[in-house]
Amino acid sequence: MSVVRFYSDPHFSHKSMAQHRKFQDEYYHDEYIIDQWNRTVKSKKDLTYILGDITMENSFWYYQLDRLNGRKIVVLGNHDMPKDTPELLKYVEKVAGAIDYKGFLLTHVPIHESELQFCRGNIHGHTHERLIDNPKYFNVSAEAIDYRPKTI
């Protein structure tokens, strides 16, 4: 049986993000993300929803997704360019703007609190290490989950 996990904001090969996250450079940043992912996701059948910001508006780095174990579906983030979707689809099964997963709304940016009444919760990224003080929000930004895809 496959396991479903969630992850957001890898920001592959983004120099400023690597520095913000206290990595020596973007190479070490990317290698750490890939290592943490692959230590967690073991099976080819496991599915991980990536909730945006694969890179920083640069489709060249999408090939890094091939280095990540398991199946992948992407919800686009604010730094993922819709025009690059055909390139992204070479590495993932599906690309969407938002997804309903068992009553949870999967988005990149947290939804407005008033919208929570229509779902079990919001699994999101975008806020990085900043958490929202409401138990219906689940932040899966890389820093918030120790760079390992998480189950809910």
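Before anything else, pin down the relative contact order of segment 51-152: Cα pairs under 8 Å, at least 6 apart, normalised by residue count, whole percent. It comes to 21 percent, rounded to a whole number. Working note: 222 nm ellipticity from helices only, DSSP H runs with n ≥ 4, each -39,500 (n - 2.57), summed and divided by the residues of the chain, gives -4500 deg cm²/dmol to the nearest 500. Under a model in which nothing but the beta-carbon of Lys, Arg (+1) and Asp, Glu (-1) is charged, the chain shows a dipole of about 640 debye around its Cα centre. Label-to-label distance, N38 versus R67, with points set 7 angstrom from Cα along the beta-carbon direction: 0.8 nm. Per the Debye calculation on segment 95-145 with a single equal scatterer at every Cα and no solvent contribution, log₁₀ I(q)/I(0) for q = 0.26, 0.30 Å⁻¹ amounts to -1.01, -1.25. Taking 29 Å as the limit for the C-alpha separation, the pairs K22/K44; K83/K136; K15/K150; K90/K136; K72/K136; K15/K90 exceed it in the case of K22/K44; K83/K136; K90/K136. Across segment 51-104, the mean sequence separation of Cα contacts (distance under 8 Å, 6 or more residues apart), normalised by length, yields a relative contact order of 40 percent. Positive end of the dipole of segment 5-104 (Cβ unit charges, origin at the Cα centre): among L89, Q24, G103, the Cα lying farthest that way belongs to G103.
Peptide packing: for 21-31, 102-112, the average count of neighbouring Cβ atoms within 10 Å per residue gives the ranking 102-112, 21-31, highest mean first. Set against the 2.2 N^0.38 Å expectation for a compact globular protein, segment 1-110 has a Cα radius of gyration ratio of 1.02. With no solvent and one point per C-alpha, what does the Debye sum give as log10 I(q)/I(0) for segment 64-129 at q = 0.15, 0.18, 0.25 Å⁻¹? Values returned for q = 0.15, 0.18, 0.25 Å⁻¹ are -0.54, -0.75, -1.15.
Ranked highest first by average number of other Cβ atoms within 10 Å, how do 10-18, 116-124 line up?
Working: 10-18: 20.3, 116-124: 17.2.
Peptide ranking by packing, descending: 10-18, 116-124.
Sorting 140-150, 37-47 by average packing, meaning the other beta carbons within 10 Å per residue, from highest down gives 140-150, 37-47. In the chain, the longest principal axis of the Cα atoms and the axis of helix 26-40 are about 60 degrees apart. Fully extending the segment from M81 to L131, taken as 0.36 nm per residue of separation minus the present Cα-Cα distance, adds 15.5 nm. Accessible surface of the chain, 1.4 Å probe: 52 percent of it comes from carbon and sulfur atoms.
The values are calculated or read from the model by the stated rules, or taken from the named source; none is laboratory data. From a predicted model like this one, the values you see are computed outputs, not experimental measurements. Positions of Cβ are generated from backbone atoms using ideal geometry, with glycine treated the same way; all protein chains shown enter the neighbour counts. When the accessible area is computed, the model is the full protein with side chains, heavy atoms only, and any ligands, DNA or RNA have been set aside. Shrake-Rupley method; radii C 1.70, N 1.55, O 1.52, S 1.80 Å.
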